[in-house]
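Engineer: Okay, handing you the structure first.
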Amino acid sequence: MFLSLNRIEKPFLEEVKMLRVKVSIFFCLVLFPCLCGAQLIIGQYEEEAPLKSWNISGFIPASSLGRAEIMTIIADTPAIAFNNPSLLTHLTPFSFYLNGSITRASLFRFGPVNTGVLKSNQNIWVKVTAFDGAGLAFKAKGWSFGVGVAITEYYDRPSVTAESVSAGKTIYKINFYQRGFLRTYNLAMARKLGKILAFGLTLNNSKGNVERKTEESWPLNRIFIDDEKRASLKDLYVRFGLTAEIKDSLKMGLVLEPAHKLKKRSHSSLRYSAETTGTLISIEDEADDFIQKPWQVSLAGSYSFDRSWLFCGEATFFNWSKYKLTWFSEEINRNFRNIIRLALAVENRNTLIIFRQTFFLTTRLGIQIDPQPMKIPHSTFYSLSSGLSLGWKWFRLDFGTSWGQEKGSGSSLQTFRSALTLNGFF
Amino acid sequence: MKEMAEKKLKFSFLLNFIFFLGASSVYAFPLSLHSNPEEIEIVSIEKNPISLAILTSTPEPLDFIMETESRIYLVAKPQDLNFLLSSGLIFRLETPFFAPARPSKEMSLTSGGNGIYHSYNELIADLKKLAEKFPSLCRLEDLGRSLEGRQILALKISDNVNLNEPEPGFLFLGCHHAREWISVEVPLYLGLYLVENYALNPRVQNLVNEAQIWIIPLVNPDGLEYSIKFYRYWRKNRRLNSDGSFGVDLNRNYGFNWGIDNRGSSPNPASETYRGMAPFSEPETRAVRDLFSNYQFQALISYHSYSQIILFPWGFTVTPADKYQLLFNLAKRMSDLMASVHGRRYDFGQASTMLYLTNGDTTDWAYGTRGIPAFTIELPPVDIFHGGFFNSERDIQPIFEENLAAALDLIQWGIDNYKFAESETKRKEKNLIPLIIQRERKIK
């Protein structure tokens, strides 16, 4: 009969670039029986969960990353068109940005890992490196416009390989991977309403895909099984932004993103083949699915003093209790709760004279409390972020990084993100 | 005078012929036989020298299917039927046992991610639809919830379905093991067939009228969903064990000789045959147990895959069961019937000797606690090289058809056995009364 995966024992390898990890399997003897009813709860990384956090608010370039991801109140890059389009009115007549980032996250439970098939005694990391944002903004006839493209969500998971080896021969092998992203094209416009207020609207057109595959093989018997689930994604949604410049030193910002449906065209392909008998069995399925993204509202404020210090804070509410999705036409229940994400940051701006050139140096520090929507487990990421910007004439290079530590799930998940943005202001 | 006599003779001959025809038809086949004169029928005839002589003397050779338990089965075209009628042979219509059942057109197969196989939601929807459409013939009973809160539903099929009549019960179970997707389809199709053909087929009507048929197509809904969504080869339920592994093998969790040794099941939670912390520790097996304890059952079939084999108790020991011969005969009969449909031969035998030792499984428990014939039918294919736990979608129908023949035959056997047992009980009671009277007289 079938070889039990649970009997495979592997040596544990360090993380490598493509995260090909041999998962260590061990048997834990049951010393204290527990007839507990708690069952499989994936928690953080369900199949559709974006990497790093469920709570996505547009696109986060380097300057915002260093500022605890606060994007609703500071107009320092055209990328704010994704988040609070009304801030476009505060930019120079023409500006552009180019952004690249590295995102790393640790996962414990996902796919077949730690859900019964493959067991790992440590969290497993995944890394995504991408040139993930570009755009520009300009002003014309009293209006401000922005266009951009950015990867707003990643769905990658660590690639995992496990083998059963006997007498130097591979008896059984399993390989799992998941990859995916959502790329958003953005068109924004904004206008000042009097001296204090500015209003903006952004239209986001998202397209992407996600692919998940489990490949199993019994090489000696020449039997192969491929289980592939993939989906193409698309979405169209708007975001409204409002900024109030109460005083030179005091600003408030409000952003609303109504609920919207991310549409999925799902495809499943299950293939079995046995070369010795020529057996080939294929089971396929297709469906139109959706993910009902929650509405979210952000309120932010900033206060600057002494021309060199800036304090800002942001609170974002996500209406996760209304989250719905279907998987091959069947409604899936995610037991989610509403959450409020909080962020606080401070910036310090200075000028430097180097080789008789004036440089503008900004340093940033921020903290973020990012509760995740799952009711079980009650999980929150606590993040610390920092950033640095160096400006010279019309250009500014931003660097930002954040480190997040999760509490509540018992898995102590972590996230890292570093980003570099080149901005130009004319 | 002479003309009158001739007329009388013709008339009496005609009367006798009609009487003979009527008598044959009452026993042999329903009056609706000729409603579809162009269709073939499958009939069985008692094997004896007279019937053999007649059958071999036909103008054209008859299409023989098989011979079992002293009956000959053959495919009869309309002209063959006429021949049989004119020959005076008494034959029995067996077509219902071989009639293919197409999937109901109204099945709720939206998607589910697993082709035309039923996911949990699809199965629940179809069962509910069936019960709503045929409320006088079938009803659903909620046996409880799985570990992850999914319903475990049983479909009861009988006339007077809301009454617990003194009739023999039959239990058909599917999908103890999550990856055995075909084992959901076969019992489900059986339920659909019985209900949808009740009004059309007198034989089915008779079986349903005289029995209480219970079908639980999906004993392990959590495991099935995990098999569809995460890992195709998942076997167990979704119990989170204390060592971080998942799953109890539901077919090792039943309470008869549970855990008697570590060969027929495993104490290791990570094992594929982990038996659980205690007998009936799992809500899924308790659901079956509780249903079983509330009704009188004559026989049970638990569908699994793969191997293409019919197994009967014992699984926990190589020692034959005390009703070994009965179990053997029933298994052989089912195997013969299955082979007659598409030519696919299912092996049969005692579970411990045909496959491997098992303890805590469904059939040992049913036989061990109630003494009823209980079979594990491992559906095709025959081995891992021909698909293993994979069945092509186009194989669902043929596999069901051959198992339909076996299931209906087992129900008929159970009904006959129940009636015989009843009449024996009544006869014994009758014999007891004169003895009691005699004793009383003696005492006096």
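The values are calculated or read from the model by the stated rules, or taken from the named source; none is laboratory data. Here the structure is a predicted model, which means the values were calculated and not measured. Here the Cβ positions follow ideal geometry from the backbone for every residue, glycine too, while neighbour counts run over all protein chains shown.
Engineer: What's the total number of residues in segment A:354-370 that are hydroxyl-bearing (S, T, Y) and over 30 Å from A:T380 (Cα atoms)? Before you say what the answer is, go through the steps one by one.
Structural biologist: Filtering segment A:354-370 for residues hydroxyl-bearing (S, T, Y) gives A:358, A:362-363.
Adding the requirement that they be over 30 Å from A:T380 (Cα atoms) leaves A:358.
Total meeting the criteria: 1.
Engineer: Output the residues belonging to segment B:167-219 that are surrounded by fewer than 24 Cβ atoms within 10 Å (Cβ to Cβ) and without any contact (Cβ under 8 Å) to a residue 60 or more places away in the chain.
Structural biologist: Across segment B:167-219, the qualifying residues are B:A199, B:L200, B:Q205, B:N206, B:N209.
Engineer: Output the residues belonging to segment A:259-284 that are under 30 Å from A:N204 (Cβ atoms) and either among the basic types (K, R) or at the interface with chain B (Cβ under 9 Å from one of its Cβ atoms) (or both). Steps first, answer last, please.
Structural biologist: Initially, segment A:259-284 is screened for residues under 30 Å from A:N204 (Cβ atoms), giving A:259-268.
Of everything in segment A:259-284, those that are under 30 Å from A:N204 (Cβ atoms) and either among the basic types (K, R) or at the interface with chain B (Cβ under 9 Å from one of its Cβ atoms) (or both) turn out to be A:K261, A:K263, A:K264, A:R265, A:S266, A:S268.
Engineer: Also, quick follow-up: I need every pair where a residue in segment B:382-395 that is more than 7 Å from chain A (Cβ to nearest Cβ) and touching a residue at least 12 places away in the same chain (Cβ under 8 Å) has its Cβ under 7 Å from the Cβ of a residue that is acidic (D, E) and part of a loop (DSSP other than H, G, I, E, B), sequence separation at least 6 or different chains.
Structural biologist: B:F389/B:E180
Engineer: Looking only at segment B:354-386, which residues are in a helix (DSSP H, G or I), of a type in the set (V, I, T) and at pLDDT below 95? Steps first, answer last, please.
Structural biologist: Step one: of segment B:354-386, the residues in a helix (DSSP H, G or I) are B:354, B:362-370, B:384-386.
Then keep just the ones that are of a type in the set (V, I, T); that gives B:362-363, B:369, B:384.
Within segment B:354-386, just B:I384 meets the criteria.
Engineer: Among the numbered conditions (1) farther than 18 Å from B:H177 by Cβ; (2) within 14 Å of chain A (Cβ to nearest Cβ), tell me where B:S335 comes up short.
Structural biologist: Failed condition: (2).
Engineer: Can you work out which of the residues in segment A:255-278 that are modelled with pLDDT of 95 or more and hydroxyl-bearing (S, T, Y) is farthest from the chain's Cα centre (by Cα)?
Structural biologist: Filtering segment A:255-278 for residues that are modelled with pLDDT of 95 or more and hydroxyl-bearing (S, T, Y), the one farthest from the chain's Cα centre (by Cα) comes out as A:S273.
Engineer: Also: Return only the number of the condition from (1) facing chain A (nearest Cβ under 7 Å); (2) on the phi < 0 side of the Ramachandran plot; (3) surrounded by fewer than 24 Cβ atoms within 10 Å (Cβ to Cβ) that B:G255 does not satisfy.
Structural biologist: All conditions pass for B:G255, except number (1).
Engineer: Of A:A68, A:A75, which residue is more than 26 Å from A:Y185 (Cβ to Cβ), part of a loop (DSSP other than H, G, I, E, B) and of a type in the set (A, V, I, L, M)? Spell out the reasoning first.
Structural biologist: Values: A:A75 fails: more than 26 Å from A:Y185 (Cβ to Cβ).
Result: A:A68 is the single residue among A:A68, A:A75 that is more than 26 Å from A:Y185 (Cβ to Cβ), part of a loop (DSSP other than H, G, I, E, B) and of a type in the set (A, V, I, L, M).
Engineer: Among the residues of segment A:198-250, what is the count of those that are part of a strand (DSSP E or B), among the aliphatic types (A, V, I, L, M), more than 30 Å from A:W309 (Cβ to Cβ) and out of contact with any helix residue (DSSP H, G or I) (no Cβ under 7 Å at 6 or more places or on another chain)?
Structural biologist: The first filter runs over segment A:198-250 and keeps only residues part of a strand (DSSP E or B), leaving A:198-218, A:223-245, A:250.
Subsequent filtering for residues that are among the aliphatic types (A, V, I, L, M) retains A:198, A:201, A:203, A:210, A:223, A:225, A:231, A:233, A:236, A:238, A:242, A:244, A:250.
Adding the requirement that they be more than 30 Å from A:W309 (Cβ to Cβ) leaves A:201, A:203, A:210, A:223, A:225, A:231, A:233, A:236, A:238.
In the following step, the residues that additionally are out of contact with any helix residue (DSSP H, G or I) (no Cβ under 7 Å at 6 or more places or on another chain) were identified as A:203, A:210, A:225, A:231, A:233, A:236, A:238.
The total comes to 7.
Engineer: Can you pull out the residues in segment A:217-258 that are surrounded by fewer than 20 Cβ atoms within 10 Å (Cβ to Cβ), within 26 Å of A:E47 (Cα to Cα) and within 14 Å of chain B (Cβ to nearest Cβ)?
Structural biologist: A:S217, A:F224, A:D226, A:E228, A:R230 - these are the residues of segment A:217-258 that are surrounded by fewer than 20 Cβ atoms within 10 Å (Cβ to Cβ), within 26 Å of A:E47 (Cα to Cα) and within 14 Å of chain B (Cβ to nearest Cβ).
Engineer: Follow-up. Could you count how many residues in segment A:175-199 are more than 11 Å from A:L88 (Cβ to Cβ) and basic (K, R)?
Structural biologist: Count: 3.
Engineer: Let me ask something else about it. Is it the case, given these coordinates, that A:S101 is closer than 21 Å to A:S389 by Cβ, hydroxyl-bearing (S, T, Y) and away from chain B (no Cβ under 14 Å)?
Structural biologist: Values: closer than 21 Å to A:S389 by Cβ: yes; hydroxyl-bearing (S, T, Y): yes; away from chain B (no Cβ under 14 Å): yes.
Yes, satisfied.
Engineer: Considering only segment A:281-301, how many residues are closer than 24 Å to A:A231 by Cα and surrounded by fewer than 21 Cβ atoms within 10 Å (Cβ to Cβ)? I'd like the intermediate steps shown before the answer.
Structural biologist: Taking segment A:281-301 and keeping what is closer than 24 Å to A:A231 by Cα, we get A:281-295.
Then keep just the ones that are surrounded by fewer than 21 Cβ atoms within 10 Å (Cβ to Cβ); that gives A:281-282, A:284, A:286-288, A:290-292, A:295.
Summing the residues that are closer than 24 Å to A:A231 by Cα and surrounded by fewer than 21 Cβ atoms within 10 Å (Cβ to Cβ) in segment A:281-301 gives 10.
Engineer: Another question about this same structure. Can you confirm whether segment A:107-128 contains a residue that is on the phi > 0 side of the Ramachandran plot, among the small types (G, A, S) and at pLDDT 95 or above? Before the answer, list the steps.
Structural biologist: Quick first cut of segment A:107-128, residues on the phi > 0 side of the Ramachandran plot only: A:111, A:114, A:116.
Still in the running and among the small types (G, A, S): A:111, A:116.
Filter once more, keeping what is at pLDDT 95 or above: none.
Taking every residue of segment A:107-128 in turn, none turns out to be on the phi > 0 side of the Ramachandran plot, among the small types (G, A, S) and at pLDDT 95 or above.
Engineer: Checking the conditions here, which among B:F292, B:F280, B:F316, B:F312 is among the aromatic types (F, W, Y), out of contact with any strand residue (DSSP E or B) (no Cβ under 8 Å at 6 or more places or on another chain) and in contact (Cβ under 8 Å) with a residue 40 or more places away in the chain?
Structural biologist: Details: B:F292 fails: out of contact with any strand residue (DSSP E or B) (no Cβ under 8 Å at 6 or more places or on another chain); B:F280 fails: in contact (Cβ under 8 Å) with a residue 40 or more places away in the chain; B:F312 fails: out of contact with any strand residue (DSSP E or B) (no Cβ under 8 Å at 6 or more places or on another chain).
Sole residue among the options that is among the aromatic types (F, W, Y), out of contact with any strand residue (DSSP E or B) (no Cβ under 8 Å at 6 or more places or on another chain) and in contact (Cβ under 8 Å) with a residue 40 or more places away in the chain: B:F316.
Engineer: Still on this structure, I have one more. Any idea how many residues of segment B:127-151 are part of a loop (DSSP other than H, G, I, E, B) and over 20 Å from B:Y189 (Cβ atoms)?
Structural biologist: Kept after step one, since they are part of a loop (DSSP other than H, G, I, E, B), are these residues of segment B:127-151: B:134-137, B:146-150.
Then drop every residue that is not over 20 Å from B:Y189 (Cβ atoms), which leaves B:135-136, B:146-150.
Qualifying residue count, segment B:127-151: 7.
Engineer: Those residues that are among the hydroxyl-bearing types (S, T, Y) and loosely packed, with under 15 Cβ neighbours inside 10 Å, I need them from segment A:259-280; list them, please.
Structural biologist: As a first pass, look at segment A:259-280 and keep what is among the hydroxyl-bearing types (S, T, Y): A:266, A:268-269, A:272-273, A:276-277, A:279.
Hit for segment A:259-280 is A:T276, nothing else.
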